[in-house]
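Student: Attaching a single structure in structure tokens format; questions to follow.
Each reported figure results from applying straightforward, stated rules to the coordinates on display, with no laboratory input. Being a predicted model, the structure only gives us computed values, none of them experimental. Positions of Cβ are backbone-derived with ideal geometry, glycine not excepted, and every protein chain shown enters the neighbour counts.
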Amino acid sequence: MHNLAFLLYDKGELIEAESLLREALNINIKAYSDSHPYTASFLANLAMVLVARGSLKEAEKFFQKAVEIDPEVLSFEIGGPWSNEKKSS
């Protein structure tokens, strides 16, 4: 589900990507908890889609929750799924 959301995001299908990430976040919270590092990752990923959609206030809330859980969650790797930059070989 998470990987499909990345694909949809990359294709510009932001509404669908957001929907999948919200569903994946809810599943993750039930499986782990609302304070697990995985949850922080899901929150940050959802926030990135919200930024792309222009929902900045809502994205900020998700980013804040993510950082409260895991302060390192926003340490993105160049070439990662949300990056516009590609890794050099």
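Student: Are there any pairs with C-beta distances below 7 angstrom linking a residue in the range 40-56 that is more than 17 Å from Glu13 (Cβ to Cβ) to a residue that is part of a loop (DSSP other than H, G, I, E, B), with the two at least 6 apart or on different chains, and if so which?
Tutor: These pairs meet every condition: Ala40/Asp70; Ala40/Val73; Ser41/Val73; Ala44/Val73; Ala44/Leu74.
Student: For the range 5-39, which residues satisfy the criterion of being among the aromatic types (Phe, Trp, Tyr), assigned to a helix (DSSP H, G or I) and either without any contact (Cβ under 8 Å) to a residue 40 or more places away in the chain or farther than 20 Å from Ser75 by Cβ (or both)?
Tutor: Applying the first criterion (among the aromatic types (Phe, Trp, Tyr)) to the range 5-39 yields 6, 9, 32, 38.
Checking the rest, the ones that are also assigned to a helix (DSSP H, G or I) come to 6, 9, 38.
Of everything in the range 5-39, just one residue is among the aromatic types (Phe, Trp, Tyr), assigned to a helix (DSSP H, G or I) and either without any contact (Cβ under 8 Å) to a residue 40 or more places away in the chain or farther than 20 Å from Ser75 by Cβ (or both), namely Tyr38.
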